[in-house]
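Read-outs: derived from the displayed coordinates by stated rules, not from any lab. All of these numbers come straight from a predicted model, not from anything done at the bench. Using ideal geometry, Cβ is built from the backbone for each residue, glycine included, and neighbour counts are taken over all protein chains shown.
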Amino acid sequence: MELKLKINEDLCIACKQCQQVCIRDNIIVEDFAVETGSNCFECGHCMAICRQNAITLKSFEHDSDKIVEYDPRESILEYDDLLEFLKRRRSIRWFKNKKIDEVTFDKLFKGAYYSPSAQNAQDVEFVVLDDKLDEFMNLVYDIIKVEEDEFFRIKEFGEYLADNTTKKFHPLLWEGKQLILTFSTDKTSAVIANTRLELLAYSLGLGGFYSLFILKSDEINHEKLMEFFPDIDKNKHMFSAFIIGYPKKLFRKTIPHKDIKVTYY
């Protein structure tokens with residue numbers, strides 16, 4: 001039985017907070033906390049709630065620099081401020097002729113670092129396509145062209161690749177020059193991670209848009225697509241394709257949306 005927690009019995013005051021938040025019944029508390037070995041998946045709830053710093057996840061015991069203590073009763077972001085931020089979000093397709101550097105990309109990926117994942121798998125990974133973007137897009141077309149009779153945008157894409165003077169802008173990338181792809185074994189985990197990344201992008205003066213046509217390449221022929229990414233586990237799928245850059249156009253007002261239907265049972 002592999003135990004996942006390091007518990008300091010001298011620091012533990014048997015408050016039972018860790019036992020109460022564990023969804024796997026992995027902790028019992030009598031004189032002090034004890035791990036039962038009941039299928040812990042290292043969510044870290046026990047560690048995050050312990051006031052005495054008596055519990056550490058063994059797999060992260062050397063990452064103490066990433067632990068930040070805070071007052072759980074103190075809100076660092078008001079509802080109205082966050083809602084206003086979300087209101088101003090728009091898909092950006094017109095970009096400056098300026099690329100994002102690796103330092104800025106690293107800032108974005110910190111948002112995904114703290115993102116939730118199914119069963120705490122933490123298996124989301126990203127690919128930034130820059131120098132090899134054109135090569136990748138050629139592969140995408142080679143895969144999705146089987147549906148060009150159904151989708152005129154795919155047909156336009158093929159015409160653009162054959163002669164880029166036929167269109168003013170790239171039919172799938174528009175003015176984008178960099179692309180973030182998100183891979184995971186779980187679609188929801190990938191989408192949540194990229195959404196957090198996207199919101200951080202807006203806070204840094206960046207913008208972008210999602211491409212469903214690029215995602216079609218994974219849906220149509222996953223095996224062929226993954227030949228482009230030999231370092232990524234083939235069991236993972238590409239669940240998000242986000243074109244990103246510095247906006248050339250700045251919007252000045254929010255617009256109305258259709259009302260969201262909500263049903264309570």
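With everything on Cα atoms, drop me the angle between helix 152-162 and the longest principal axis of the chain, reported from 0 to 90° to the nearest 10.
Once rounded, the angle reads 70 degrees.
How big is the dipole moment of the chain about its Cα centre under a simple scheme where the beta carbon of each Lys and Arg is +1, that of each Asp and Glu is -1, and everything else is neutral? Debye, nearest 20, please. Can you show the working numbers first?
Values: 37 positive and 45 negative charges, 313 e Å.
The calculated dipole for the chain is roughly 1500 debye.
How much length, in nm to one decimal, is gained on full extension between K224 and K253, taken as 0.36 nm per residue of separation minus their Cα-Cα distance? Intermediate values should be presented prior to the final figure.
On the way: separation 29, 0.36 × 29 = 10.44 nm, distance 4.28 nm.
Extra length available between K224 and K253 comes to 6.2 nm.
Based solely on its DSSP helices, what 222 nm [θ] is calculated for the chain when runs of n ≥ 4 H residues each add -39,500 (n - 2.57) and the sum is averaged over all residues, nearest 500 deg cm²/dmol?
Working: 9 runs with 85 residues, N = 265.
One gets -9000 deg cm²/dmol as the mean residue ellipticity at 222 nm.
With unit charges on the beta carbon (Lys/Arg positive, Asp/Glu negative), name the residue among S91, F136, I76 whose Cα is farthest towards the positive pole of the charge dipole of segment 62-149.
The residue sitting farthest along the positive end of the dipole is S91.
Which Cα, out of C46, I28, T56, lies furthest along the positive dipole direction of segment 5-66 (beta carbon charges, K/R +1, D/E -1)?
In segment 5-66, that residue is C46.
What is the distance in Å between the Cα centres of segment 1-62 and segment 118-173?
Rounded to whole Å, the Cα centres lie 47 Å apart.
As a footprinting exposure proxy, order I13, I144 by other Cβ within 10 Å, with the fewest listed first.
Values: I13 13, I144 25.
Arranged by neighbour count, lowest to highest, I13, I144 become I13, I144.
Measuring from centroid to centroid over Cα atoms, what is the spacing of segment 72-95 and segment 186-222 in Å?
Comparing the Cα centres of segment 72-95 and segment 186-222, I get a distance of 18 Å.
Normalise the Cα radius of gyration of segment 92-235 by 2.2 N^0.38 Å (N = residues in it) and let me know the number.
Values: Rg = 15.7 Å, N = 144, 2.2 N^0.38 = 14.5 Å.
Segment 92-235 yields a ratio of 1.08.
Taking the chain as a Gaussian network, where each spring joins two C-alpha atoms under 10 Å apart, which residue of R252, R93, R51 fluctuates the most?
Residue with maximal mean-square fluctuation among R252, R93, R51: R252.
Given charges of +1 on the Cβ of Lys and Arg and -1 on the Cβ of Asp and Glu, with all other atoms neutral, how large is the dipole of segment 5-66 about its Cα centre, in debye to the nearest 20? Display every interim value, and only then the final one.
On the way: 6 positive and 10 negative charges, 40 e Å.
I would put it at about 200 debye.
Quick one: among E84, E219, E156, which has the greatest mean-square fluctuation in a GNM of the chain with alpha-carbon springs under 10 angstrom?
E84
Assign one of three labels to the chain, namely rounded, prolate or oblate, based on the Cα gyration tensor with a ≥ b ≥ c the square roots of its eigenvalues; rounded applies when a/c is under 1.5, prolate when it is not and a/b is larger than b/c, and oblate otherwise. Mind dumping the intermediate values first?
Details: a/c = 2.49, a/b = 1.87, b/c = 1.34.
Prolate, because a/c is 1.5 or more and a/b exceeds b/c.
Using 0.36 nm times the number of residues separating E42 and Y265, minus their current alpha carbon distance, what extension gain do you get?
Working: separation 223, 0.36 × 223 = 80.28 nm, distance 3.39 nm.
Extra length available between E42 and Y265 comes to 76.9 nm.
Which stretch or stretches of segment 234-259 have amide N atoms under 20 Å from the point lying 7 Å from F85's Cα along the Cα→Cβ direction?
Counting backbone N atoms under 20 Å from the label point, the list is 244-247, 251-255.
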